[in-house]
Amino acid sequence: MPANSLGTLSPTLVTLDTIAFLKKTFPIITQITTDFSADATLLNSTVISRVVTPPPAHDYVSPAAAGTGYNAQDAATTTDVPVVINKHKFATLAFSDTEVSSTKRDLTTEQKQALAYALGRQLLIDLFALVTPTNFTTTYQIVDPKNSNRHTVMAMRQLLVTNGASINRFGVVNPIVFAALGQDTSVISKFNFGGADPNLSSSSGTIDGFSGFSTIIEYAELNTANSLAGFFGAKEALVMAARVPEVPDIALPGIIENVVDPDSGLTIQYREYYDMMGGMLNVTLTWMYGVAKGVTGHGAILVQNAGGNPN
């Protein structure tokens, strides 16, 4: 193994702030439909997740005025989405006795973040492999992503609203689009935008509360196939289900702990063991998950096309 230049490693590597880091670094996890559980499951098993489509609203007319009062009824629309738990991902770091003992640096936070980042990055790669013109046929074409502005975002909003995606909307764009939006006067000028100035966070790569989207997220590894520049959708457009591996029912030469986020239920399994003969401390983060498209019409893609719209 390559030599590490690290400090003392805390025996409690994984705590709740690991998951908090994961959610902050990859905010898309909190925007899509998720099905999290601390229950163990078998690899390649199917989890049935559900997405809810809001019903229409009606005008109230009193029966005294020949109306029907509150009697207008609509069928609840809940769509079952089967998600196959077919991804078993992990990240492991190993430290020798010499490395642990050779410095007083405390790199607990660094290593928790490094492991969590590896898992989150792979999740997004798998999730956005679903974002294709085949899976999401609603598109908006733009000549050059550098011309993206509020008009572009409003055009995406219009497409989604037309298809019934009226709430819990988000956007994910490549760095070119994000940089263009970050220079739009609607974002940088509170005067131009009125009292509801959106919050631009360049460090975390998010624009919050902009043109009907709760957040627009910069994603550097957005798949460039099909000239994809961005994906806009409602919560029910993409689905992720995650579980953890079974803990062996035997005496273990180490620690296995499931760490659960109290807000979302997202669970990551932490494993630690010490190799007595090799003098190596091994720490692992692991989870099992699957991804699926949800309500197709509630997602729309932004693509670059020389014959498209100017912005």
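Count, please, the residues in segment 159-175 that happen to be closer than 13 Å to L302 by Cα and assigned to a helix (DSSP H, G or I).
Qualifying residue count, segment 159-175: 2.
Touching a residue at least 40 places away in the same chain (Cβ under 8 Å), of a type in the set (D, E), within 20 Å of I32 (Cβ to Cβ) and not in a loop (DSSP other than H, G, I, E, B) - does that describe any residue in segment 211-219? Talk me through it step by step, then tell me what you get.
As a first pass, look at segment 211-219 and keep what is touching a residue at least 40 places away in the same chain (Cβ under 8 Å): 211-219.
Add one more test, that the residue is of a type in the set (D, E), and what stays is 218.
With within 20 Å of I32 (Cβ to Cβ) added as a condition, the list becomes 218.
Next cut, not in a loop (DSSP other than H, G, I, E, B) only: 218.
Checking segment 211-219: at least one residue is touching a residue at least 40 places away in the same chain (Cβ under 8 Å), of a type in the set (D, E), within 20 Å of I32 (Cβ to Cβ) and not in a loop (DSSP other than H, G, I, E, B).
Just checking, how many residues over segment 283-311 are under 28 Å from R243 (Cα atoms) and in contact with a helix residue (DSSP H, G or I) (Cβ under 6 Å, 6 or more places away or on another chain)? Steps first, answer last, please.
Step one: of segment 283-311, the residues under 28 Å from R243 (Cα atoms) are 283-299.
Filter once more, so that each one left must be in contact with a helix residue (DSSP H, G or I) (Cβ under 6 Å, 6 or more places away or on another chain): 285, 291, 294-295, 298-299.
Final tally of qualifying residues: 6.
Just give me the residues in segment 289-311 being in a loop (DSSP other than H, G, I, E, B) and crowded, with 20+ Cβ neighbours inside 10 Å, in sequence order.
Across segment 289-311, the qualifying residues are G294, V295.
Considering segment 252-288 alone, what residues qualify as being assigned to a loop (DSSP other than H, G, I, E, B) and either over 30 Å from the mean Cα position of the chain (by Cα) or buried (at least 16 other Cβ atoms within 10 Å of the Cβ) (or both)? Reasoning before the result, please.
We begin by selecting, within segment 252-288, every residue assigned to a loop (DSSP other than H, G, I, E, B); these are 252-253, 261-266, 276-279.
Answer for segment 252-288, where residues must be assigned to a loop (DSSP other than H, G, I, E, B) and either over 30 Å from the mean Cα position of the chain (by Cα) or buried (at least 16 other Cβ atoms within 10 Å of the Cβ) (or both): L252, P253, D261, L266, M276, M277, G278, G279.
Just name the residue that is nearest to A292 (Cα to Cα) out of those in segment 90-114 that are modelled with pLDDT of 85 or more and surrounded by 15 or more Cβ atoms within 10 Å (Cβ to Cβ). Walk me through it before giving the result.
Within segment 90-114, the subset modelled with pLDDT of 85 or more is 90-92.
Now drop any that are not surrounded by 15 or more Cβ atoms within 10 Å (Cβ to Cβ), which leaves 90-91.
Working: F90: 20, A91: 23 Å.
Selected residue: F90.
The values are calculated or read from the model by the stated rules, or taken from the named source; none is laboratory data. Predicted, not measured: the structure shown is a model, and the values here were computed from it. Glycine gets a Cβ as well: all are built from the backbone with ideal geometry, and neighbour counts include every protein chain shown.
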